[in-house]
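Below is one structure, written out as C-alpha cells, with a few remarks after it.
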Amino acid sequence: MGTPMMGGYRLAFNFYFFKDGRIQRYSQKKRELFDFFDDKADEVDLFMRKNRLSHDKRGDLLRITAYYNQLK
C-alpha cells in the first residue's frame with residue numbers, strides 16, 4: 001500500500017502516462033490526472049463519481065485508466 005500520511009495512505013509506487021509523445025510521471029494530483037485525460041476528462045470524472053473512485057488509490061487508478069482506454 002504505502003506509508004501512512006495524515007490519516008491516509010499515499011501510493012508507494014509511481015505511475016506514468018503517455019501524453020504529447022512523451023512519457024510523463026503522474027504526481028497523484030487529481031487536476032493533473034484530468035490533464036492526461038483531457039479529451040475525455042468529463043466522462044472520466046463522471047465515472048469516478050458514479051463508482052466512488054479515488055485518484056490516489058492503486059486499484060481505483062487502474063480502473064479509471066482502464067475505463068479511459070475503453071473510451072479511446
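Scan the range 54-70 for residues that are open to solvent by less than 50 Å² (accessible area, probe 1.4 Å) and part of a helix (DSSP H, G or I) and jot them down. 59, 60, 61, 64, 65, 68, listed by residue number. The set of residues from the range 24-38 being more than 16 Å from residue 13 (Cβ to Cβ) and loosely packed, with under 11 Cβ neighbours inside 10 Å comprises 31, 38.
Here residue 42 meets each of (1) open to solvent by 100 Å² or more (accessible area, probe 1.4 Å); (2) part of a helix (DSSP H, G or I); (3) at pLDDT below 90 with one exception, condition (3).
The values are calculated or read from the model by the stated rules, or taken from the named source; none is laboratory data. Fair warning: this is a prediction, and the values are worked out from it, not measured in the lab. As a convention, Cβ positions derive from the backbone with ideal geometry for all residues, glycine included, and neighbour counts pool all protein chains shown. These accessible areas exclude ligands, DNA and RNA; they are computed on the full protein's heavy atoms, side chains included. Shrake-Rupley method; radii C 1.70, N 1.55, O 1.52, S 1.80 Å.
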